[in-house]
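Let me begin by presenting the structure, written as structure tokens, before commenting on it.
The values are calculated or read from the model by the stated rules, or taken from the named source; none is laboratory data. Keep in mind it's a predicted model, so treat the numbers as computed, not measured. Don't worry about glycine lacking a Cβ; one is built from the backbone with ideal geometry, like all the others, and counts go over all protein chains shown. Ligands, DNA and RNA are stripped out before the accessible areas are found, and what is left, the full protein with its side chains, is counted by its heavy atoms. Shrake-Rupley method; radii C 1.70, N 1.55, O 1.52, S 1.80 Å.
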Amino acid sequence: MFMDPLSSINHLLNFLAPAFAVALVLVVGSQIFDRKRAKTVGWLKPIAINFVIGATVLQGGLIVFGNDGKIWTYGGLVVISATSQFFLLRSWRG
């Protein structure tokens, strides 16, 4: 079954929306709660990195489970994105 281009773009954007939302929430949260470290990293770079990592996790979940929207995939998205933000902010330094 084929989709028209507009439907394909709609499906792709809906597939990637959770990755973008998690990336945005992580960066905004770090700007609110940890301004000192977040100020050195900025906004655009961590959003982009977390989005790409999140999209990769979503694609991996699609490959492993055969369809998207599984709770394990979303759990992995949150854990991997939070870990990425932890390393971007160098939070292990205290």
Completion exercise
With all protein chains present, the chain has a carbon and sulfur share of its accessible area (1.4 Å probe) in percent of 70
Handout entry: Label-point separation in nm, Leu16 to Val79, each point 7 Å along Cα→Cβ
Key = 2.6
Practice task
Would you mind checking the tilt of helix 71-88 against the longest principal axis of the Cα atoms of the chain, expressed as 0 to 90 degrees and rounded to 10?
Solution key: 30
Problem - Tilt relative to the chain, helix 5-33 - C-alpha long axis, 0 to 90 degrees, to 10 - result: 10
Completion exercise
Regression test value, accessible area per residue of the chain, probe 1.4 Å, units Å², expected 71
Fill in the blank from the handout: From the Cα centre of region 1-35 to that of region 65-93, the distance in Å is 14
Problem - Two-site label geometry, Ile32 and Leu44: point separation in nm, points 7 Å out along Cα→Cβ - result: 2.5
Practice task
Under 12 Å from the Cβ of Phe86, count the other residues' Cβ atoms, weight Lys and Arg +1, Asp and Glu -1, and hand me the total.
Solution key: +2
Problem - the chain - Rg (one decimal) and Dmax (whole number), Cα, Å - result: 15.0, 53
